[in-house]
Amino acid sequence: MDDANIYAYKYNEMGVKPKKIRILDSTLREGEQHPGVTFSNKQRIQIAWMLDYFGVDQIEISPVVSPDHKEATKTIIKQGLKADIVAHVRALKEDVDVALDCDATWMATYLGISEIHMKDKLRITREEALRRSVETVEYAKSHGLKMRFTVEDGSRADPEFLLQVCKEISDAGVDRISLPDTVGIMRPNGMYHFVKSIRDEIDTALDVHCHNDIGLALANALAGCDGGADQIHTTIDGIGERTGIPALAETAVALTYLYKSPNNFRLDMLMDLSRLIEQYTHIIPYDSKPIVGPTAYKHKAGTHLAAILRNPAAYEPIEPKIVGNRRRIVFGELAGKNGAAYLMSLLGLDQNEEHAKSVASGLKNLRMGDLLEIPLDDKLEQKIIKSEESMERKKK
Ligand code: HCA
Ligand code: CU
């Protein structure tokens, strides 16, 4: 299938150096901030195991939300998973103590540094915000923790102050800085320059955390990586505050195929991960959701069916089985001659060009929209070849 994509991939690679981009999954932290979502501890542990097996680099959970969450954090840390377990807390010493109490090796802390967050949410001055940031980093580092600091609402912060905070927490030894677009206000070009402005001045590793309020979360996160970040925050199905953050499935596929970022992601788990979250949250992915949505691999128009039946790459960027999804074809008034011929072969009907044409026009005249939908797996694909051969023979 890559052959069909080769020119597209070439454009994608223009002007950017290939590099590894990591994933931090925050289903257990940001995801639980999605209205209506709460997991049981058993579910949290299972989600962590599955995310680890899938191959994400870091898994984030907040131990300060409730005693239950603290218990879950402790238990997940004890599992000895490959991924780092990142305890996400506020920039307060007492919260760092909670992370320590959970035996965390990694923690993340956040503090709003835009004027609106400092003035109206936190009611602190710039000086206080700066002091609190540096003190929290120093405190965590003095206890041997690896830590990330999130400059919350960073995309709306005064760039000079943003840089000052980033520089001072870097000097204090912070291991990573998360640059969030907390209200999802950036466009890709803006996110690129937001990240680059920090990347040009300091060496600390950078995360991007992009909200999806205007539907640009993943595009922005990827642009942020072009600007110098090397870790994207995701959740399964993109759940999170309001309209969430990039979905794990889309991010992992984009990194693997469009960015050629080296990783060991088990992409064939993506459908199961989405199903698991659907089962636990009762949030059903919308029909046209990329990668895992019910119509992501359905083909309908006659011209599309004709092509798909010969070579699915004609209308698919990557094969469905790679991501655990399934190809389906839809028969109805748009099926056309090729769709009709294939349907006839499935039904064991003798077919020739003329019959196929009249079935196609019969389907059209019924005016009943889509009538039938079938999965197109390997066995059925064999049938296509036979049906084509028999059509060819009859033509002669
Ligand atoms: C929050 C804010 C946050 C933090 C992101 C991060 C955001 O809900 O705590 O820690 O990287 O969007 O800014 O999710
Ligand atoms: Cu967020």
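The values are calculated or read from the model by the stated rules, or taken from the named source; none is laboratory data. Computed from a prediction, not measured in an experiment: that's the story for all the values here. Because the Cβ atoms are built from the backbone with ideal geometry, glycine has one as well, and the counts that use them run over all protein chains shown. With ligands, DNA and RNA removed, areas are computed over all heavy atoms of the protein, side chains included. Shrake-Rupley method; radii C 1.70, N 1.55, O 1.52, S 1.80 Å.
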Any residue in the stretch 168-194 that's not assigned by TED's automatic domain parsing to the domain that holds Gly154 and within 14 Å of ligand 1 (Cβ to nearest atom): show its pairings with residues that are outside any strand (DSSP E or B) and open to solvent by less than 30 Å² (accessible area, probe 1.4 Å) at Cβ separation under 8 Å, as long as the two are six or more apart or on different chains. none
All positions within the stretch 241-260 that are away from ligand 2 (no atom under 16 Å from the Cβ), among the aliphatic types (A, V, I, L, M) and in a loop (DSSP other than H, G, I, E, B): none
Specify the residue that is farthest from the chain's Cα centre (by Cα); the eligible residues are those in the stretch 213-240 that are buried (at least 18 other Cβ atoms within 10 Å of the Cβ) and over 22 Å from Ser197 (Cβ atoms). Gly240
Is there a residue being assigned by TED's automatic domain parsing to the domain that holds Glu30 and within 19 Å of Pro159 (Cα to Cα) anywhere in the stretch 97-104? no
Among the residues of the stretch 23-42, the number that are more than 16 Å from ligand 2 (Cβ to nearest atom) and crowded, with 20+ Cβ neighbours inside 10 Å is 1
Single unsatisfied condition, Asn263 versus (1) open to solvent by 10 Å² or more (accessible area, probe 1.4 Å); (2) over 24 Å from Gly190 (Cα atoms); (3) assigned to a helix (DSSP H, G or I): (3)
Residue under question is Glu94, and the condition is that it be part of a helix (DSSP H, G or I), open to solvent by 40 Å² or more (accessible area, probe 1.4 Å), among the acidic types (Asp, Glu) and within 26 Å of Thr182 (Cα to Cα); does it hold? yes
Only unsatisfied item for His233, checking (1) part of a loop (DSSP other than H, G, I, E, B); (2) of a type outside the set (D, E, K, R); (3) within 19 Å of His88 (Cβ to Cβ), is (1)
Among the candidates Leu276, Leu309, Leu334, which residue alone is touching a residue at least 60 places away in the same chain (Cβ under 8 Å), farther than 17 Å from Gly238 by Cβ and in contact with a helix residue (DSSP H, G or I) (Cβ under 8 Å, 6 or more places away or on another chain)? Leu309
Being free of Cβ contacts under 8 Å to residues at least 60 places away in the same chain and open to solvent by 30 Å² or more (accessible area, probe 1.4 Å) is the filter; apply it to the stretch 312-321 and report the residue that is farthest from the chain's Cα centre (by Cα). Tyr315
Which pairs have Cβ atoms under 8 Å, sit 6 or more apart or on different chains, and link a residue in the stretch 248-264 that is over 21 Å from Ala4 (Cα atoms) and in the same structural domain as Ala221 (by TED's automatic domain parsing) to one that is open to solvent by less than 10 Å² (accessible area, probe 1.4 Å) and among the hydroxyl-bearing types (Ser, Thr, Tyr)? Leu248/Thr27; Leu248/Thr234; Leu248/Thr235; Ala249/Ser274; Thr251/Thr234
Hey, can you tell me all the residues within the stretch 267-282 that are open to solvent by 20 Å² or more (accessible area, probe 1.4 Å) and more than 19 Å from Ala296 (Cα to Cα)? Gln279, Tyr280, His282
Across the stretch 27-49, the tally of residues that are touching a helix residue (DSSP H, G or I) at 6+ places or on another chain (Cβ under 6 Å), touching a residue at least 40 places away in the same chain (Cβ under 8 Å) and either assigned to a helix (DSSP H, G or I) or of a type in the set (Asp, Glu) (or both) stands at 1
Within the stretch 191-242, how many residues turn out to be touching a Pro at 6+ places or on another chain (Cβ under 9 Å) and either modelled with pLDDT under 95 or of a type in the set (D, E, K, R) (or both)? 5
Which one of these is in contact with a helix residue (DSSP H, G or I) (Cβ under 9 Å, 6 or more places away or on another chain) and away from ligand 2 (no atom under 16 Å from the Cβ): Lys78, Lys70? Lys70
Residue under evaluation Asp52, criteria (1) under 16 Å from the mean Cα position of the chain (by Cα); (2) touching a residue at least 60 places away in the same chain (Cβ under 8 Å); (3) away from ligand 1 (no atom under 16 Å from the Cβ), criterion not met: (2)
